[in-house]
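Okay, structure first, notes after.
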Amino acid sequence: MDPVERFLVVGLGNPGPGYAKTRHNAGFMVLDRLAEEEGLVFREKNDALLAEWGRGWLLKPLTYMNLSGRAVAPFVRKKGIPLHRLLVVHDDLDLPLGKIRLKRGGSSGGQKGVASIIEALGDDGFDRLRIGIGRPPPGMDAARYVLSPFTPEEEKLFAKVLEAAADAVRVWKEEGLEAAQSRFNGLDLREAP
């Protein structure tokens, strides 16, 4: 990776204690884990919580999930961050809990925060780190499911997911998307001891 190139890692979620431990806040939780491990401090700036990390930043939009692009696009433009150095970390219903997946570009897959960022940037060519949360149980509405907390059993597995996701962000930052994909896309933490 170009050592002078600026980068931005965005974690998606909803602000406030009522949302803090919900599945939809997986992106926020990954960034909180990174900030804790790297000794970074978030400060409120405009519509986001922002932490400097070397040549780049961690950003948690405070706009609520569906309007994430309002916080992300102006920052990307102001700092001149190239799209291949923008990583959006978000929950994903289509991946089971215990799996993470990195990819570049493509549709939002129904994730409204990602859709908002695509719309605000006018481009979908940024990187994503999808955090699997699995599908809701039969009879449960998807909207209610994503805003519910993990069960105690799921929390044990999600602790491993947070660790792997934080490591994946570091590899993406230092070595780029392909290195992170080859190391983490095949990982299934449900099989880990």
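The values are calculated or read from the model by the stated rules, or taken from the named source; none is laboratory data. Source: prediction; values computed, not measured. Cβ sites come from the backbone with ideal geometry, for glycine too, and all protein chains shown count toward neighbours.
Details
- Of all residues in segment 179-193, those satisfying the criterion of being of a type outside the set (S, T, N, Q) and crowded, with 17+ Cβ neighbours inside 10 Å are Ala180, Phe184, Leu187, Leu189.
- Residue among Gly132, Gly176 that is under 17 Å from Ala26 (Cβ atoms), surrounded by 14 or more Cβ atoms within 10 Å (Cβ to Cβ) and either of a type in the set (D, E, K, R) or at pLDDT 95 or above (or both): Gly132
- Entirely in segment 1-58, the strands (runs of 3 or more DSSP E) that have 1 or more residues that are without any contact (Cβ under 8 Å) to a residue 60 or more places away in the chain and either under 21 Å from Leu93 (Cα atoms) or touching a Leu at 6+ places or on another chain (Cβ under 9 Å) (or both): 43-45, 48-53
- Residues of segment 59-91 that turn out to be in a strand (DSSP E or B) and farther than 23 Å from Arg33 by Cα, as a count: 0
- Filter result (more than 21 Å from Glu174 (Cβ to Cβ) and buried (at least 20 other Cβ atoms within 10 Å of the Cβ)) within segment 71-96: Ala71, Val72, Phe75, His90, Asp91, Asp92
- Qualifying residue in segment 18-26 (condition: loosely packed, with under 14 Cβ neighbours inside 10 Å and either among the hydroxyl-bearing types (Ser, Thr, Tyr) or more than 18 Å from Ala159 (Cβ to Cβ) (or both)): yes
- Any hit, segment 115-126, residues being out of contact with any strand residue (DSSP E or B) (no Cβ under 6 Å at 6 or more places or on another chain), within 16 Å of Thr22 (Cβ to Cβ) and surrounded by 13 or more Cβ atoms within 10 Å (Cβ to Cβ): no
- Criterion: at negative phi and touching a helix residue (DSSP H, G or I) at 6+ places or on another chain (Cβ under 6 Å) - qualifying residue of His84, His90: His90
- The condition of being of a type in the set (D, E, K, R), touching a helix residue (DSSP H, G or I) at 6+ places or on another chain (Cβ under 9 Å) and within 21 Å of Pro15 (Cβ to Cβ) holds for only one of Arg135, Arg43, Arg70, Arg77, that being Arg70.
- Leu34 being at pLDDT 95 or above, of a type outside the set (Phe, Trp, Tyr) and in contact with a strand residue (DSSP E or B) (Cβ under 6 Å, 6 or more places away or on another chain): no
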